[in-house]
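Enquirer: Questions regarding the structure given below will be posed in turn.
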Amino acid sequence: QVQLVESGGGLVQAGGSLTLSCAASGPASSRYVLGWLRQAPGKEREFVAAIMSSGGLTHYTDSVKGRFTISRDTTKNTVFLQMNSLKPEDTALYYCAAATRWVPTSDDFISWGQGTQVTVSS
């Protein structure tokens, strides 16, 4: 089982930027697809972005394309989510998660971090 620890959330004004980090550890953790999902109050958890184990391929939900960038430091087994041009509707609890399938859907993620809060004020 892979362990995931997120960091980097916080409060930012609309139009601002934040970078989330997620350190993965455990057996074969470097082989997993890593991704970010989010859950806003009263809403279902939704997929945001994912990156392959090699870092060579990425996938985004339409609402964040052009604003968010997912990347992976394979030497440190860490994944990042650079979030630019943030909007109030991006406010949510952001989870780092691991999957074994590409392209993953929300249901394909099998291990989860504890989440980090992102709040965007208008």
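The values are calculated or read from the model by the stated rules, or taken from the named source; none is laboratory data. Predicted, not measured: the structure shown is a model, and the values here were computed from it. Cβ sites come from the backbone with ideal geometry, for glycine too, and all protein chains shown count toward neighbours. Quick note on the areas: whole protein, heavy atoms, side chains included, nothing else; ligands and nucleic acids left out. Shrake-Rupley method; radii C 1.70, N 1.55, O 1.52, S 1.80 Å.
Enquirer: Stretch residue 19-residue 85 to full length: gain in nm at 0.36 nm per residue minus the Cα-Cα span? All intermediate terms of the calculation are to be shown ahead of the outcome.
Expert: On the way: separation 66, 0.36 × 66 = 23.76 nm, distance 1.19 nm.
Stretched fully, the residue 19-residue 85 segment lengthens by 22.6 nm.
Enquirer: Give the ranking of 37, 11 by solvent-accessible surface, highest area first, calculated with a 1.4 Å probe.
Expert: 11, 37
Enquirer: For the range 8-55, which trypsin sites (Lys or Arg not before Pro) are both in a DSSP coil and crowded by at most 14 other Cβ atoms within 10 Å? Kindly include the intermediate steps, with their values, before the conclusion.
Expert: Numbers: sites: 31, 38, 43, 45; in loops: 43, 45.
Within the range 8-55, the qualifying trypsin sites (Lys or Arg not before Pro) (loop, at most 14 other Cβ atoms within 10 Å) are 43.
Enquirer: Counting only protein heavy atoms, what percent of the accessible surface of the chain is carbon or sulfur at a 1.4 Å probe?
Expert: Numbers: 2930 of 6040 Å².
In the chain, the share of accessible area belonging to carbon and sulfur is 48 percent.
Enquirer: Separation between the residue 57 and residue 44 pseudo-spin-labels, each 7 Å from Cα along Cα→Cβ, expressed in nm?
Expert: 2.4
Enquirer: Continuing with the same structure: Which FRET efficiency value, to the nearest 0.05, do you get for residue 7 and residue 75 by plugging their Cβ-Cβ distance into 1/(1 + (r/R0)^6) with R0 = 25 Å? Intermediate results must be reported in sequence, preceding the final value.
Expert: Numbers: r = 18 Å, r/R0 = 0.72.
The pair residue 7/residue 75 has a calculated efficiency of 0.85.
Enquirer: Over the chain, what is the percentage of antiparallel beta bridges among all DSSP beta bridges, to the nearest 5? Walk me through the numbers on the way to the answer.
Expert: Values: 38 of 42 bridges.
Among the beta bridges of the chain, antiparallel pairing accounts for roughly 90 percent.
Enquirer: Which of 70, 115, 99 sits closest to the plus end of the dipole of the range 48-122, meaning its Cα is farthest towards the positive end, when Lys and Arg get +1 and Asp and Glu get -1 on the C-beta?
Expert: Projecting each Cα onto the dipole axis, the largest value belongs to 70.
Enquirer: With a 1.4 Å probe and every protein chain left in place, tell me how much accessible area residue 102 has, in Å² to the nearest 10.
Expert: 80
Enquirer: Please list, in chain and number order, the residues 5+ apart from residue 16 or on another chain whose amide H is under 5 Å from its amide H, with Hs placed from the backbone.
Expert: 86
Enquirer: Same structure, new question: I want the local charge near residue 106. Using Cβ-Cβ distances under 14 Å, sum +1 for each Lys or Arg and -1 for each Asp or Glu among the other residues.
Expert: Details: positive: 38, 43, 45, 101; negative: 44, 46, 107, 108.
For residues surrounding residue 106, the net value is 0.
Enquirer: Spelling out what I want: for every residue of the range 49-55, take phi, set θ = phi - 60°, compute 6.51 cos²θ - 1.76 cosθ + 1.60 (Karplus), and round to whole Hz; glycine and proline get x.
Expert: 7, 8, 9, 5, 4, 7, x
Enquirer: On to the next question. What accessible area per residue, rounded to a whole number of Å², is obtained for the chain using a probe radius of 1.4 Å? Mind showing how you got there, number by number?
Expert: Values: 6040 Å² over 122 residues.
Value for the chain: 50 Å² per residue.
Enquirer: Enumerate the lysines that residue 87 could reach by cross-link, defined here as Cα to Cα under 17 Å, with residues fewer than 8 away along the same chain left out.
Expert: Within reach: 43, 65.
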